[in-house]
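Data block below; observations after.
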Amino acid sequence: MKPLPLLYLGMFLMKLHHFVLHYAAINLLFSGVLLFGESDKPSSVLAIEKLGGLALPMPGGGWEVGFHLRGRESFEDEGLKALKNLGEIVSLNLRDTKITNKGLVHLQGLVSLRRLHLERTSIDNSGLKNLSKLKNLEYLNLYQTQVSDDGLRHLSDLKKLKKLFLWDTKVSDEGVRELQKSLPQLFVSRGLNLEKLAADAPKPSPPKPRASMKWLSSSGTESPPTKSTPGSPIQVTFLNKSKQPVKLVWMDYGGGQKLYGEISAGGSREQNTYSEAVWLITDLNDKPLGHFVTSQEDANGVIPAN
Amino acid sequence: MLSISHSRRKFLQSGVGLAGLTLPTFLKARLSSKSLTGKAKACIIIYTWGGMSHYESFDPKPEAPVDFRGEFKPIDTATPGMQFCEHIPMLAKHSEKLAVIRSVHHKQGGHQQGMYISLTGHDPVAGIKAKGRNNRPSLTSMLSYFHNPAVGTPSAIRMPYSMFDNGKQMAGEGAGWLGTKHDPVLLRTPAGKPYAGVNRYSDKELNLTLNLTEKRVGNRNALLEQLEDTLAWRVGHETAYDQLDHYRRMASDILLGSPVRKAYDLESEDPRIRAMYGDHMGGQSLLLSRRLVEAGVPVVQAVCSASDLAGGGGDNWDTHRDHFPKMKNRLLPVFDRSASALLTDLEMRGMLDETLVVFLTDFGRTPKINGNGGRDHHPGVYSLVLAGGGIRGGQVYGSSDSKGAEPGSDPCTPADVHATVYKAMGIDHSMELHDQQGRPFRICDGNPLPLT
C-alpha cells in the first residue's frame, strides 16, 4: 500500500493541469509528432486535419483521406474543397459524416479515386450522378443510404468497379441485375434481411423440467462417493421438505467437508456447483442425513420429509 | 505551463518510445517499399483459450478408428471438398471466406507455453511472468506498434479479460519489451451472458459503462474524479506512476468524446444485429470488436472462453473430461454463432477486405480419446484459420495425417502464421526492432504462407 499517497499526489497535480494543457498536449503528440514530425507536415495535410480528417500517403503513390472518425461530428460539404491541394486522392472515406448530395459535386474531379465510402450518410440518387465520371473507382460503399434503382444507373459506366455495397438501401433485385448487365464483373453485396433474420432467429426453447437427484439416505445401504471430482459448471436447487433445518456441506476434491450454509425447514437454496460433486446434508448437530451426487444437468435436490 | 507540456512530450518520446524504428521511419520505409502488398488495415484476433480440438472443428477425421474420430460427424461446407465438424454449421457456410491451415504444429504442451508461442510466435524461456518486460510482445501489441490512430483511440484493445490458469495470470498477452505504452488496453465487454466458470476481472480493464451518459461526460470534472478513483483502485499499489498515467490518459481521452466511447455503447447497436451475434459474451465481444475497428482501433483481441482454465471446469476449451457434451452444448454453438456473425457483418458493411480475422488457440487435442471421454493437449498438429484482409478464402493449406496426429503435408508453425498476418497487414515480418536495452530482435522468425 506504500506508494498510494504518491499516486494520489500525482493525480492531484495532474488534475490541476489537466484542463489547461493536458488534452491539448496529447492532441498535438498523437496527431502530429509521432507521424510526421511537426515541421515537415504539408499545409494541405494540416488543413484536412483541422477539419477532423486524416490524410495518409499510400504505398503506391497518392493519398488516402478519411473524415469518418473524428471528423464525423464537424465535417460538412465545404470541407471537400480542402482536398484540392493535396494531389491525387486514391481513397476517400466519408462514412457517418454530414455530407449531402450537393457536397458530392466536389468529388467530380477526383478521377484517381479507387475507393469511396459514402455509407451511413444522407445521400440518395441525386448525389450519385456526380460519381459517373470516376472511371477508376473499384470499390463503392453505399449501405444504409437512400439510394434506389434509379441511382444505380449513374454507375453503369464505371467499368473498373469491382465491389458495390448496398445493404439496407432501397435498391431491388431487378435494379442490381440491370447494373450487372453493364458491369458483369461487379460483386454486389446486399447483406442481410434483418426482418427475416429476426423472424428466423431460434426461439428460446421452453425450459426443460428439472431432473431430481437421487437422495442417498445415510440410513440406507447405498454408500456415496467420499469426495467430489472436478466437472463442468451446473446449478442445483436444494429443497428442504423435512420438518427440521439442515446443514449443506460440500465434500471437496480431497474428501474434506466444507459447510455452505443452512436451509430452514421447508426452505430452498440455489447453489452453483459442478458435475460429479458430492453434497452432504446433516442436521444441526452434524449428524449425516443423506447425500446428493450431481450429474451433467441442472437439477433439484429434494430432502425428503423423513 | 509550457514547460510541463514540453517535459510530457519528452517523456513520451524517450521513456516510452523505443530506441529502434520510430513511426516516421516506418512510414518512409513503407512508402519506399514496392514489395509490401498488404491490404488489411485492421486485425481481429479470436483466441479460444485452453486449446481447441482440431477434430471437432476444422479438421474432422471420419475415416479414423472410432476411438480417434470421436462421436461427431463431418458436414460439407460451401467449398467443394472442404469439410468441418457438424457442430459449426454456420461457419461451414462461410468457408468461401476462410483459409484453413491444417498443419500448424509446435513443441509446447503446457497452456502457458502453448499460449505464449501462439500469441508471440516465439518459444517461451523459463520463468516468464505475466507482466514481464523481457517477454516477447504479443501479436496484438506488435501489430499495434505499427499503427498510430487518432487521439483517444487506443492502438490495441483486448477483451473481455486476461487469460489465467488456476489463478495464475499468463505471460504473453502484453507488449513485453515493446514497453508499457504498447500494452493492449483491456476492456470489459459490457453485455452478454458470461462464460460459465471462473472469470477473473482483477486486472486494469476499463469498464466504461458507468461513464457513458452524456450528462456525466459533459461534466468532465466529476468524470475524471470518478475515473481516478476507479483506476487507483484497480491499478492499486503494484503499478508505477507512469503506467497509471498512461492508462488514465488513455481512459480520459476515450471518454472525452472519441469514437471509441460510442463504439463501446452496445445499447446503440441495432437490436437485430445484436441478436445475430447471440446474447452471449462471446458474441457481444465480437460485435464490440467490429464496432471498435469501425471506430478506428487497428487491433482487437477477443478471448472466446472463460478466463481461468480452473482444472478444466467451466466454458473453456481445455476439454480433458466430457469433451463431446461440452463441445456440442456449450462451446461450439457460441463460437459458431459469434464468429459467423462477425464474418457476415464485416462482409455486408464492406469491411472484410480491409479487416483480417485471425483464429488462434494454444494447441490441438490428442488423437485418442482418453478414459474420461476427453482429449488432452496436443501441439503435434492442429488447425488455425485466417479470413478477410486480402486472404483468399475457400482454401485449405497443409494437412494432418490420417489420424490427425502429425502434419501430413506442408508443416508450418505459429511463427509462419504470424508472418502471414504481418504480410497481410503490410508489415515486413523480418524487420529488426531494438528493445529498451538496445538489443536487436527480429519481429518474427517465420515465413509467410502463400494464402493471398
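Structural remarks
- For segment A:30-195, a Kirkwood hydrodynamic radius built from all Cα pairs, placed in the Stokes-Einstein relation at 20 °C and 1.002 mPa s, yields a translational diffusion coefficient of 131 µm²/s.
- Efficiency of FRET from Cβ geometry, B:Ile75 and A:Asp173, R₀ 30 Å, rounded to 0.05: 0.55
- Beta-bridge orientation, segment A:30-195: approximately 20 percent antiparallel, per DSSP, counting only bridges with both partners inside.
- Order by protection proxy (mean Cβ within 10 Å, highest first), peptides A:188-200, B:404-416, B:107-119: B:107-119, B:404-416, A:188-200
- Calculated FRET efficiency for the pair B:Glu86/A:Asn300, C-beta based, R₀ 35 Å, to 0.05: 0.60
- Peptide B:62-75 - average C-beta neighbours from other chains (10 Å radius): 0
- Within 10 Å of the Cβ of each residue in A:134-147, the mean number of Cβ atoms contributed by other protein chains is 1.
- Cross-link pairs A:Lys160/B:Lys93; B:Lys73/B:Lys368; A:Lys41/A:Lys160; A:Lys227/B:Lys61; B:Lys61/B:Lys107 - those with Cα-Cα distance over 27 Å: A:Lys160/B:Lys93; A:Lys41/A:Lys160; A:Lys227/B:Lys61
- With DNA, RNA and ligands ignored, accessible area of A:Val302 (1.4 Å probe; Å², nearest 10): 50
- Inter-site label distance for B:Asp445 and A:Ser219 at 7 Å from Cα along Cβ, in nm: 7.0
- Nearest-0.05 FRET efficiency for B:Asp279 and B:Asn329, computed from C-beta distance (R0 22 Å): 0.85
- Annotation: aspartates and glutamates with alpha-carbon distance below 12 angstrom to B:Lys131 (same-chain offsets under eight excluded): B:Glu173, B:Asp183, B:Asp203, B:Glu238.
- Take A:Thr294: with every protein chain present and a 1.4 Å probe, its accessible area is about 10 Å².
- Fraction of antiparallel bridges per DSSP, segment A:122-262 only, in percent to nearest 5: 45
- Extension gain (nm, one decimal) between A:Asn193 and A:Lys181, 0.36 nm per residue minus Cα-Cα: 1.9 nm
- Taking Cβ atoms as reference points and 11 Å as the exclusive limit, the residues near A:Arg95 contribute a net charge of 0, counting Lys and Arg as +1 and Asp and Glu as -1.
- For the residue pairs A:Lys214/A:Lys243; A:Lys135/B:Lys262; A:Lys163/B:Lys423; A:Lys98/A:Lys159; B:Lys97/B:Lys326, alpha carbon separations beyond 31 Å are given by A:Lys135/B:Lys262.
- Residue separation of B:Ser402 and B:Tyr201 scaled by 0.36 nm, minus their Cα-Cα distance, works out to 68.2 nm of gained length.
- Segment A:Ser44-A:Glu262, extension gain: residue separation times 0.36 nm, minus the distance between their alpha carbons: 71.0 nm
- Cross-link reach list, aspartates and glutamates versus A:Lys247, counting only Cα pairs under 15 Å and skipping chain neighbours closer than eight places: A:Glu262, A:Glu270, A:Asp283, A:Asp286
- Cross-link reach list, aspartates and glutamates versus A:Lys81, counting only Cα pairs under 20 Å and skipping chain neighbours closer than eight places: A:Glu49, A:Glu64, A:Glu73, A:Asp96
- Tensor-based shape of segment B:141-193 (alpha-carbon gyration tensor, a/c under 1.5 rounded, otherwise prolate or oblate): oblate
- Ranked by the mean number of other Cβ atoms within 10 Å of their residues, highest first, the peptides A:48-58, A:177-187, B:175-185 come out as B:175-185, A:48-58, A:177-187.
- Approximate spin-label separation B:Asn166-A:Thr229, in nm, with each point projected 7 Å along Cα-to-Cβ: 1.9
- For the segment B:345-355, counting C-beta atoms of other chains within 10 Å of every residue's C-beta and taking the mean gives 5.
- Ligands, DNA and RNA aside, A:His154 has an accessible area near 60 Å² when probed at 1.4 Å.
The values are calculated or read from the model by the stated rules, or taken from the named source; none is laboratory data. These numbers come from a predicted model, not from an experiment. Reconstructed Cβ throughout: ideal geometry from the backbone, glycine too, with neighbour counts over all protein chains shown. The protein model used for the area step is the full one, side chains on, heavy atoms only, and it has no ligands, DNA or RNA in it. Shrake-Rupley method; radii C 1.70, N 1.55, O 1.52, S 1.80 Å.
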